[in-house]
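Here the structure comes first, spelled out in structure tokens, and everything after it is commentary.
The values are calculated or read from the model by the stated rules, or taken from the named source; none is laboratory data. Model, not experiment: these values are computed from the prediction. Note: ideal-geometry Cβ built from the backbone for every residue, glycine included; neighbour counts use all protein chains shown.
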Amino acid sequence: MIGVVATLDGLASVGERRVPLHRIDWAAACWAALAKPWFFSGAYLNRLALVPESRSAIALVQPGYAVATTSYLAPHLSGRPMLIFPAAADEDLGTLERRRGINLLLLNPQEPGWASESTLQRSLLEQARRRGWTCRIWPRGLQLCRRQT
């Protein structure tokens, strides 16, 4: 971070009217490092087809639910009492229920997102079905399971 600030500070040298080419190169490199334009051209574009299903599923999530979901759906569910990404330490649904109060799973094993795995999500969803949770599945693999109260 200090290098980025120093580079940008160096671009603003006093007394020069022309900007040397190497300064433009440094400015472009700093912009690419900070803006991360590849985020908008790769990893997220392949999820555009999931948008209609995701909106439909998110509309079913009440504000009071404690949710385990994928990293790309989490920003749309902020403000819940508990919101987690299921990770390797969360293999047991019973533990998630007791320790974190999770009562809703909104997962997509075909697109597990950051810090999660397809096998883990499949396991949690199967455990939810065995425990009698109400589940709904969308055509592209998104699944919503809600614990019965």
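Counting the residues of the stretch 51-93 that are β-branched (Val, Ile, Thr) and in a loop (DSSP other than H, G, I, E, B) gives 2. Do you know which residues across the stretch 96-111 are surrounded by 14 or more Cβ atoms within 10 Å (Cβ to Cβ) and within 20 Å of residue 80 (Cα to Cα)? Within the stretch 96-111, 96, 97, 100, 102, 103, 104, 105, 106, 107, 108 meet the criteria. Of all residue pairs spaced 6 or more apart or on separate chains, those with beta-carbon atoms under 6 Å, a first member in the stretch 133-149 that is among the aliphatic types (A, V, I, L, M) and a second member that is buried (at least 19 other Cβ atoms within 10 Å of the Cβ) and not in a loop (DSSP other than H, G, I, E, B) are 137/143; 142/57; 144/57; 144/106. The single condition among (1) touching a residue at least 24 places away in the same chain (Cβ under 8 Å); (2) within 14 Å of residue 144 (Cα to Cα); (3) surrounded by 13 or more Cβ atoms within 10 Å (Cβ to Cβ) that residue 116 does not meet is (2). If residue 136 passes every condition in (1) more than 17 Å from residue 55 (Cα to Cα); (2) surrounded by fewer than 18 Cβ atoms within 10 Å (Cβ to Cβ) but one, which one does it miss? In the conditions (1) more than 17 Å from residue 55 (Cα to Cα); (2) surrounded by fewer than 18 Cβ atoms within 10 Å (Cβ to Cβ), residue 136 misses (1) alone.
Condition check: closer than 21 Å to residue 147 by Cα, assigned by TED's automatic domain parsing to the domain that holds residue 139 and modelled with pLDDT under 90. Does residue 98 satisfy that? Judged against the criteria, residue 98 is a match.
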